[in-house]
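A.B. asks: Before I ask anything, let me first share the structure, which is written out below as structure tokens.
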Amino acid sequence: MKKTAIFFLFIVGLAYSQRTGHDYNTMVSDIYFNDDYSKFISRNGNEIGYWDCAAKKPNWVFETKAFGCDYSGNFWYLIPHTNLDYFSMVNYSSCDKLIDVKKLSYSPSYSKQLYWVNEKAYIVTSVDEKNNRLVYCNESNASEKKLIYKGKVENVRYCVLHDKIYVSDKNKTKRYDIASEKWDDYSIDIGGINKINEKYIEYLIGNEYYIYDFQTKASKKIDIGSFVMDRYKLKVDQYIMVNIDTKEAFFYDIPSGSKSKMEVKFNYQNKDVAKFVDYDGNKKILYFIEHERTILNNRTYVKSYLSAYNREGMFINSILLTETNQEVVAVLDKKAQAEADKRQAEDAARNTPENIMRNRLIRIYNEKYVNVTNKRIYQVVPDKPLFEGNLVRLNALHHDKTKTEEVYENIDKLEDLTKYTPVKQFGKCYVCNGQGVTHQNGKQTVADYEYTLGVKVVKTSTKTSGCQHCGGGGILVKE
């Protein structure tokens, strides 16, 4: 995979090598550990840090733009790969990069989880087409995707473990070897696989969870009781679920089937924004992101910590994730203030009376309204300016499109729900049958004795008027 060196990193290296943590102005939101919990990657709104757990300090902290993507103010993902040797920054609308953590180089990302086999990067993904699920596996730089499996959407699920892809279809699970690009002769009688680790495959039968043991080749039902399964982790021999609101953690031991609960005695104050990160099943340590408010230079900041707790819920230690170097803090403050001033100036430029009125008009382009008083339905004509007196150009709609009329209305009245209400659907008026008018026939006896000599004369007349049900447009709002 071709890599692009980041010369920018070396230019800013002197300044950023002194970083002791993330910007005070944004809380750390996510932590990703490597396999042995000796390293982790942290991220906040616009920064990424790579940390050494033993040293309790970062090897580096950079803004995303150092890796070729400026995500300021935009939503983005971080996807870790292969024991934190790589990670992807993903923003599906603008910029995706794959970063080599050790070499500090980057290349285009593929917005998917990557798997390294024999130093080659592979993408494993699936696409649902009509009733079928198509599973693909190919090198990340391949010009075309390689289809490895096809089955019904409701039956096919897959998980990846190291260099193998486990694909289940109904009640069978097969295994695909990524390196040889072939299916091996491995097969087990389970379906609905959901998660996988070194020891177990988790799978579902209906809404019930089961575990398949690779060593014993036996399955057992998981009695999770009140566990909330969408907030759990399958770690080594245990399930762990944490409820921040109640400050409780629940454990389920797979070999014995025993369950236990503990209370987490949080060390810092802002527990409303604490977050469960991970569980080291070997050392039996729970990791949380915690936050603590502090005042510095007459401003309130939030310090972020990575905190470790034991199985009894007792605090072990923590790593401060937020910048402590006062010179760097001053630089970050100055930068944050400059960005705030810039946003304020941009907001002021956007919020001129002319722009506000223009945005009001744009929001109602093509919208349809019914006049509460006369029942007529109108549509705003797009791409027309506001006319003198803040008048909006409308079409008075008619069932007979050749009878559409050009009218104008004040935008304040149009937005007043007591005068106009929005219309989603309309149809032909059942009273006038789409004509817009009604006809009333009448008969009258006329006696003209001078000419008729008493012969009775009956006069027939027809009165035509606009339809009161649809306002003359021949269309009615559909409820």
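The values are calculated or read from the model by the stated rules, or taken from the named source; none is laboratory data. From a predicted model like this one, the values you see are computed outputs, not experimental measurements. Using ideal geometry, Cβ is built from the backbone for each residue, glycine included, and neighbour counts are taken over all protein chains shown. Calculation scope for accessible area: heavy atoms of the full protein, side chains included, ligands and nucleic acids excluded. Shrake-Rupley method; radii C 1.70, N 1.55, O 1.52, S 1.80 Å.
A.B. asks: Using the crude model of +1 on Lys and Arg Cβ and -1 on Asp and Glu Cβ, and no other charge, please compute the dipole size for the range 122-163 relative to its Cα centre, in debye to 20.
C.D. replies: Roughly 180 debye, rounded to the nearest 20.
A.B. asks: With unit charges on the beta carbons (Lys and Arg positive, Asp and Glu negative) and the dipole taken about the Cα centre of the range 256-397, which residue among Asn366, Ser318, Gln337 sits farthest to the positive side?
C.D. replies: Result: Asn366.
A.B. asks: What is the distance, in nm, between label points placed 7 Å from the Cα along the Cα-to-Cβ direction at Asp341 and at Gln379?
C.D. replies: So the two model labels end up 5.0 nm from each other.
A.B. asks: Once a ≥ b ≥ c are taken as the square roots of the eigenvalues of the Cα gyration tensor of the range 123-178, is the result rounded (a/c under 1.5), prolate (a/b larger than b/c) or oblate (a/b not larger than b/c)?
C.D. replies: Oblate, since a/c reaches 1.5 and b/c is not below a/b.
A.B. asks: Quick one: putting +1 on the C-beta of Lys and Arg, -1 on the C-beta of Asp and Glu, what dipole do you get for the chain around its Cα centre, in Debye to the nearest 20?
C.D. replies: Details: 70 positive and 62 negative charges, 218 e Å.
Result for the chain is approximately 1040 debye, rounded to the nearest 20.
A.B. asks: Provide the FRET efficiency to the nearest 0.05 for the Ser187-Asn83 pair, computing r from the beta carbons and using R0 = 45 Å.
C.D. replies: That pair, Ser187 with Asn83, gives E of 0.95.
A.B. asks: Could you rank His469, His81 by how accessible they are, 1.4 Å probe, largest area first?
C.D. replies: Largest accessible area first, the residues go His469, His81.
A.B. asks: Relative to the longest principal axis of the C-alpha atoms of the chain, give the angle of the C-alpha long axis of helix 353-363, reported between 0 and 90° and rounded to the nearest 10°.
C.D. replies: The two axes meet at around 80 degrees.
A.B. asks: Among rounded, prolate and oblate, which fits the range 94-249 when a ≥ b ≥ c are the square roots of the eigenvalues of its C-alpha gyration tensor, a/c under 1.5 means rounded, and a/b larger than b/c means prolate?
C.D. replies: oblate
A.B. asks: Grab the Cα-Cα distance for Asn141 and Asn282, subtract it from 0.36 nm times how many residues apart they are, and report the gain in nm with one decimal.
C.D. replies: Extending this stretch completely gives an extra 47.1 nm.
A.B. asks: Along the charge dipole of the chain, pointing to its positive end and built from +1/-1 on Cβ of Lys, Arg, Asp and Glu, which listed residue (Ser109, Ile178, Tyr420) has its Cα farthest out?
C.D. replies: Positive-end residue among those listed: Tyr420.
A.B. asks: With 25 Å as the limit, write out which pairs from Lys233/Lys261; Lys112/Lys247; Lys56/Lys97; Lys56/Lys164; Lys401/Lys424; Lys97/Lys130 have Cα-Cα distances beyond it, or answer none.
C.D. replies: In this structure, Lys112/Lys247; Lys56/Lys97; Lys56/Lys164; Lys97/Lys130 exceed 25 Å between Cα atoms.
A.B. asks: Another one. Work out the count of Lys pairs in the range 275-339 where the Cα-Cα distance is under 22 Å, with the pair 8 or more places apart or on different chains.
C.D. replies: Values: Lys275/Lys283; Lys275/Lys284; Lys275/Lys303; Lys303/Lys334; Lys303/Lys335.
Lysine pairs meeting both conditions in the range 275-339 amount to 5.
A.B. asks: Run the simple label-point estimate for Tyr430 and Asn74 please: 7 Å along Cα→C-beta, distance reported in nm.
C.D. replies: In this crude spin-label approximation the distance works out to 5.2 nm.
A.B. asks: Pairs of Cα atoms under 8 Å, at least six residues apart: use those to get the relative contact order of the chain, whole percent.
C.D. replies: 8 percent
A.B. asks: Further, regarding this structure: Once you put a point 7 Å from the Cα of Glu198 and another 7 Å from the Cα of Glu388, both along the Cβ direction, what distance in nm separates them?
C.D. replies: The answer from the label model is 8.2 nm.
A.B. asks: Given a Förster distance of 22 angstrom, what is the FRET efficiency for Val117 paired with Val236, based on the Cβ-Cβ distance and rounded to 0.05?
C.D. replies: On the way: r = 24 Å, r/R0 = 1.07.
The value I calculate is 0.40.
A.B. asks: Which FRET efficiency value, to the nearest 0.05, do you get for Glu208 and Tyr408 by plugging their Cβ-Cβ distance into 1/(1 + (r/R0)^6) with R0 = 60 Å?
C.D. replies: The calculated FRET efficiency here is 0.40.
A.B. asks: Tell me whether the range 12-164 comes out rounded, prolate or oblate; compute the Cα gyration tensor, take square roots of the eigenvalues as a ≥ b ≥ c, and use a/c under 1.5 as the rounded threshold.
C.D. replies: Here the range 12-164 falls in the prolate category.
A.B. asks: Sum up the charges of everything whose Cβ sits under 11 Å from the Cβ of Thr324, counting Lys and Arg as +1 and Asp and Glu as -1, but leave Thr324 out.
C.D. replies: Once positives and negatives cancel, what remains is +1.
A.B. asks: For Cα extents along the principal axes in Å, several values are listed as [x] 122, 63, 50; [y] 82, 49, 40; [z] 76, 62, 34; flag the one computed from this structure.
C.D. replies: Read-out from the structure maps to [x].
A.B. asks: How much length is gained on full extension from Ser219 to Leu161, taking 0.36 nm per residue of separation minus their Cα-Cα distance?
C.D. replies: Between Ser219 and Leu161, full extension yields an extra 19.0 nm.
A.B. asks: Give me the percent of the accessible area of the chain that comes from carbon and sulfur atoms, probe 1.4 Å, all protein chains in place. Please report the intermediate quantities before stating the final value.
C.D. replies: Numbers: 13120 of 27240 Å².
That share works out to 48 percent.
A.B. asks: Which value, in debye to the nearest 20, gives the size of the charge dipole of the range 80-232 about its Cα centre, when Lys and Arg are +1 and Asp and Glu are -1 at the Cβ?
C.D. replies: Dipole of the range 80-232, to the nearest 20 debye: 160 debye.
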